[in-house]
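Inspection log for the structure reproduced underneath, given as structure tokens.
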Amino acid sequence: MSGWIDAHCHLQDQFVSADSSFADAVAATLARARDAGVERAIVIGTDVETSRQALEIAAGGSPIDLYATVGLHPHEATHDLEPIAELARGGNSRLVGIGECGLDYYYEHSPRARQLEAFAAQVRLAHELDLALVIHARDAFDDLLGVLHAEGTPARSVVHCFTGGPGDAENCLAAGCDISVSGIVTFKNAEALREAVRHVPLERLHVETDSPFLAPVPNRGKANEPAFVAVVGEFVARLRGESLDEVRDATAANTARLFGLPAA
């Protein structure tokens, strides 16, 4: 069943492991995605090197259509943002977003003040370049929404790998953000997330893998990959009581709109 878009994946060399070369490993991963019905994917940057690689991977030949973002993850918030901004301003035709960026108060690998500064700066960069904003939020919704209120939410923004409950989803939607769902929705302990996903308007919903992390049941424990976005989509369709065609077509259209992708 073709037509899926993986709204968020990591295919850079630090995330893809195999006995073969990196190029061969990525090609095999993307061939499996094509065979699983995935037509497009967004390769996400998290620091300078992964952002550069995201652009390179998206520009290379691929069995599916690839696009890229550049960004500074909250874990990397102590690093200089200027090289990311330079990449963003470079006019690359495959660049479709800023991020992933945001706040992570669960691990707190960077001081909160630096996370807030880096996030606000990337919100401003998304505004400046009229690019989508890809947001990471973990245990930090109040401060995250405060930054968006202060800076203004970019017109095309998404909270990726959403892990909150219904109230968090309502607040993010009200702030102007879409919601993207990963394999976490299939986990046994994710009932609050499932309740939130049941009530997100279909026109504001996306599906992703966040590969190589968070493989959905029944693949949990394996390395995740874009091919598994169809598994997430199938689970979401059952959860919401909607047809698989409806969820696939709507989420693909939503992600294409969010990132300003050309017509398929």
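May I ask you to verify whether residue 175 is surrounded by 15 or more Cβ atoms within 10 Å (Cβ to Cβ) and over 22 Å from residue 126 (Cα atoms)? Working first, answer last.
On the way: surrounded by 15 or more Cβ atoms within 10 Å (Cβ to Cβ): yes; over 22 Å from residue 126 (Cα atoms): no.
In short, no.
From the list 66, 72, 81, 125, which residue is more than 20 Å from residue 15 (Cβ to Cβ) and within 19 Å of the chain's Cα centre (by Cα)?
125
Which pairs turn up if I take residues in region 127-149 that are charged (D, E, K, R) and look for partners that are not in a helix (DSSP H, G or I) with beta carbon separation below 6 Å, at least 6 apart in sequence or on another chain?
Taking only residues 6 or more apart or on different chains, the pairs are 138/104; 138/106; 139/105; 139/106; 143/103.
Of the residues 223, 192, only one is of a type outside the set (Phe, Trp, Tyr) and either buried (at least 16 other Cβ atoms within 10 Å of the Cβ) or part of a loop (DSSP other than H, G, I, E, B) (or both); which?
223
Yes/no per residue for (1) closer than 30 Å to residue 227 by Cβ; (2) at pLDDT 95 or above; (3) buried (at least 22 other Cβ atoms within 10 Å of the Cβ); (4) not aromatic (Phe, Trp, Tyr):
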position	(1), (2), (3), (4)
66	yes, yes, yes, yes
75	yes, yes, no, yes
85	no, yes, no, yes
92	yes, yes, no, yes
116	no, yes, no, yes
134	yes, yes, yes, yes
142	no, yes, no, yes
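So, of the residues in region 73-114 that are of a type in the set (A, V, I, L, M) and out of contact with any Phe, Trp or Tyr (no Cβ under 9 Å at 6 or more places or on another chain), which turns out to be nearest to residue 42 (Cα to Cα)?
Only one residue fits best here, namely 98.
Quick test of your reading of the structure: residue 41 fulfils all but one of (1) among the small types (Gly, Ala, Ser); (2) more than 18 Å from residue 264 (Cα to Cα); (3) at pLDDT 95 or above. Name the failing condition by number.
(2)
Just checking: which of the strands (runs of 3 or more DSSP E) contained wholly in region 1-73 hold 1 or more residues that are polar (S, T, N, Q)?
Those strands (runs of 3 or more DSSP E) span 65-70.
The values are calculated or read from the model by the stated rules, or taken from the named source; none is laboratory data. A quick note: this is a predicted structure, and the numbers were derived from the prediction, not measured. Note: ideal-geometry Cβ built from the backbone for every residue, glycine included; neighbour counts use all protein chains shown.
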